[in-house]
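> Structure incoming, see below.
The values are calculated or read from the model by the stated rules, or taken from the named source; none is laboratory data. Not measured: the values here are computed from a predicted model. For neighbour counting, all protein chains shown are included, and Cβ atoms are generated from backbone atoms with ideal geometry for every residue, glycine included.
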Amino acid sequence: MELKNKVEAVLFTIGKFISIEDLGKYCEVGSIGLIKEALEELKKDYLAKNCSLEIQEHEGKVKLNIKKEYGYLTNKLLSNTELDSPTTKTLAVIAYKQPLMQSEVIKMRGNKAYDHIKALRESNLITSDKSGRTRVLKLTNNFYEYFDIAKEDTEKLKDFVNSKGLQKMFDENKK
């Protein structure tokens, strides 16, 4: 079995950033150099194929991912299948205004938002910390990984909010 194929299979299965050392363990290869060579071969293969996949690197970790220009397609599919539309819209509100009080979310989204917040916490997309009689809601690192958005990338975060059709609601609240 070719090492490059093993690396690809592990990256595909893991679906998130992984250290090269851990990648070697999963591929049952002790040489970091061989893993790096296999990664370079995969990168070249994906470039040569001109496909929608790529190997991404961040802080010494690697991940098999969809190229940025195709991300909007997968984000739409994932959010439509795993979270219903109202829950996704509640998540977009939190993403746009975080950190914010749960009471503010309820005021904007209605009492059903309690259920949405519970589902988002269970999915580890948000945190909920007690603050007086309400809670403070924030995005988790899992949110940024899941939607492939860097914490500092406010433009991509705005695109996420806009893709959920909520910009109009925010504009109306500013009035």
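> Give the number of residues within region 1-41 that are farther than 24 Å from I149 by Cα and touching a Lys or Arg at 6+ places or on another chain (Cβ under 7 Å).
Of the residues in that region, 3 qualify.
> Would you mention how many residues in region 95-114 are in contact with a helix residue (DSSP H, G or I) (Cβ under 8 Å, 6 or more places away or on another chain) and surrounded by 13 or more Cβ atoms within 10 Å (Cβ to Cβ)?
Step one: of region 95-114, the residues in contact with a helix residue (DSSP H, G or I) (Cβ under 8 Å, 6 or more places away or on another chain) are 95-97, 100, 102, 104-106, 108-109, 112-114.
Keeping just the survivors that are surrounded by 13 or more Cβ atoms within 10 Å (Cβ to Cβ) gives 95-97, 100, 102, 104-106, 108-109, 113-114.
Final tally of qualifying residues: 12.
> Hey, another quick one. Show me the helices (runs of 4 or more DSSP H) entirely contained within region 83-152 in which 3 or more residues are under 15 Å from the mean Cα position of the chain (by Cα) and at pLDDT below 90. I'd like the intermediate steps shown before the answer.
Working: elements: 85-97, 102-109, 113-122, 141-146.
So the answer is 85-97, 141-146.
> Given K4, K44, K16, which one is exposed (fewer than 14 other Cβ atoms within 10 Å of the Cβ) and touching a residue at least 40 places away in the same chain (Cβ under 8 Å)? Quick ask: steps written out before the conclusion?
Numbers: K4 fails: exposed (fewer than 14 other Cβ atoms within 10 Å of the Cβ); K44 fails: touching a residue at least 40 places away in the same chain (Cβ under 8 Å).
One residue alone meets the criteria, K16.
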